Amino acid sequence: MSISANDLEQKTLEDLRKNFESRAYRFIEHPSEDEIPRFLDSYRPDALAFGEHDRVIIEIKIPGGLRSNKIDLAEIANRIPPNEDWRYVVVYAGQDPSEALDIPRSNKFQIDHAIKEVRELSAAGHDRAAMLQIWSVLEALARRIYPHDIRFTQRPLSPAEIVERLAMEGELDVDEAKRIRSLRSLRNLLAHGDFETKILKDDVAFILALVDRINANAST
């Protein structure tokens, strides 16, 4: 017997309630108009959670075919004013609540600071750490310059996805894309515990130059 969309949503809400209340949040299912922050306008989230240090807007996504999911999640997330204590969480029905997707969009100041850290790591001779950090910056940049692409705003990105999207959008020329694809494999080796692979300072400098250019072209 197949489960209905309503039953699946209710089960997910019950699991979320237990998860949030175990962490001392006040949890509200299907909040009323008066309880929903004004910046959401006509959007009605599935739940809200209020904690000591933050407030959470919760959207439940139902597997294809069970319920319409025609909501621009990135657009909703971008309605949250800067420096507010609200955050937007997307939960897929049946998913472990502790794995809810909550990926903030880095602002320009944060990205600038991360780039500065990469330079300092490389200058100090820590090129392995710099190589890992610069890929994190690339991912943050991809989220920043493609804010309305749900694939980029609501889940972690693989290095391959980052490179291919930047190449497709013209952020990388043919030669740059070819070289960074080869460096992608080095990053993967580092991330998975290979301590033998040598990282060249010139390779870190190459990706830094790309990041500087892409960051400069990104809107503030």
Here are some residues: L166, L172, L138. Which one is surrounded by 12 or more Cβ atoms within 10 Å (Cβ to Cβ), outside any helix (DSSP H, G or I), outside the structural domain of E59 (by TED's automatic domain parsing) and not aromatic (F, W, Y)? L172
Could you go through the stretch 183-195 and let me know if any residue there is at pLDDT 90 or above and either crowded, with 18+ Cβ neighbours inside 10 Å or on the phi < 0 side of the Ramachandran plot (or both). yes
Please verify whether the stretch 72-85 includes one or more residues that are farther than 29 Å from E171 by Cα, exposed (fewer than 14 other Cβ atoms within 10 Å of the Cβ) and modelled with pLDDT of 70 or more. yes
Within 17 Å of V89 (Cβ to Cβ) and of a type in the set (A, V, I, L, M), is that true of L40? yes
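I want to confirm something. Restricting to the stretch 201-217 and keeping residues that are among the hydrophobic types (A, V, I, L, M, F, W, C) and exposed (fewer than 13 other Cβ atoms within 10 Å of the Cβ), which single residue is nearest to the chain's Cα centre (by Cα)?
Per the criteria, the residue is A216.
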Matching residues in the stretch 194-218 - criterion: being under 17 Å from A129 (Cα atoms) and either not assigned by TED's automatic domain parsing to the domain that holds L132 or not in a helix (DSSP H, G or I) (or both): D194, F195, E196, T197, K198, I199, L200
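Suppose the filter is modelled with pLDDT of 75 or more and under 18 Å from R143 (Cα atoms); does V56 pass it?
no
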Go through the residues of the stretch 11-26 one by one and say whether even a single one is modelled with pLDDT of 90 or more, under 17 Å from D85 (Cα atoms), among the basic types (K, R) and surrounded by fewer than 16 Cβ atoms within 10 Å (Cβ to Cβ). yes
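Could you list, in sequence order, all residues of the stretch 21-52 that are assigned to a helix (DSSP H, G or I) and more than 24 Å from N78 (Cβ to Cβ)?
Matches in the stretch 21-52: E21 only.
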Scanning the stretch 183-193 residue by residue, those part of a loop (DSSP other than H, G, I, E, B) and either within 23 Å of the chain's Cα centre (by Cα) or closer than 16 Å to H126 by Cβ (or both) turn out to be H192
Of the conditions (1) under 30 Å from V89 (Cα atoms); (2) free of Cβ contacts under 8 Å to residues at least 24 places away in the same chain, the single one that G193 does not satisfy is (1)
Exactly one of Y92, Y43, Y88 is modelled with pLDDT of 85 or more and not β-branched (V, I, T), and that residue is Y43
With respect to R119, determine if the residue is among the charged types (D, E, K, R), at pLDDT below 75 and within 30 Å of S185 (Cα to Cα). no
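The values are calculated or read from the model by the stated rules, or taken from the named source; none is laboratory data. Treat the numbers as computed from the prediction; the structure is a model and nothing was measured. Methodologically, a virtual Cβ is constructed for each residue, glycine included, from the backbone with ideal geometry; neighbour enumeration extends over all protein chains shown.
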